[in-house]
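Structure first, commentary second.
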Amino acid sequence: MTYRFWCGECGFKTPWGPESEAERGHMDHYATRHPGLRLGGQVETAAKAPAGEGTSCAGCATVAVLGLLLLIIVSACGR
């Protein structure tokens, strides 16, 4: 599971990550932006981080490698 906390006072949201990291980011935000207020907002959960949010480019690299292999095979068969 991955978590993201939304601020109850403004539009801030933490990056997707483990619950402890997201909660720490939420608490740090409140301490600096809303001192003296109780933590509020919402917690969003997902099985994994949505595409383009906190993910690596492993999928892009896989597609690039497969494309390169296909080009090598096509050029080898053309000889």
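The values are calculated or read from the model by the stated rules, or taken from the named source; none is laboratory data. Source: prediction; values computed, not measured. Cβ coordinates were reconstructed from backbone atoms using ideal geometry, including for glycine residues, and neighbour counts include every protein chain displayed.
Annotations
- Among the candidates 36, 52, residue that is at pLDDT below 85, loosely packed, with under 10 Cβ neighbours inside 10 Å and either of a type outside the set (S, T, N, Q) or assigned to a helix (DSSP H, G or I) (or both): 52
- Among residues of the stretch 39-48, those that are in a loop (DSSP other than H, G, I, E, B) and farther than 18 Å from residue 11 by Cβ, counted: 2
- The stretch 1-30, residues that are in contact (Cβ under 8 Å) with a residue 40 or more places away in the chain and of a type in the set (D, E, K, R): 4
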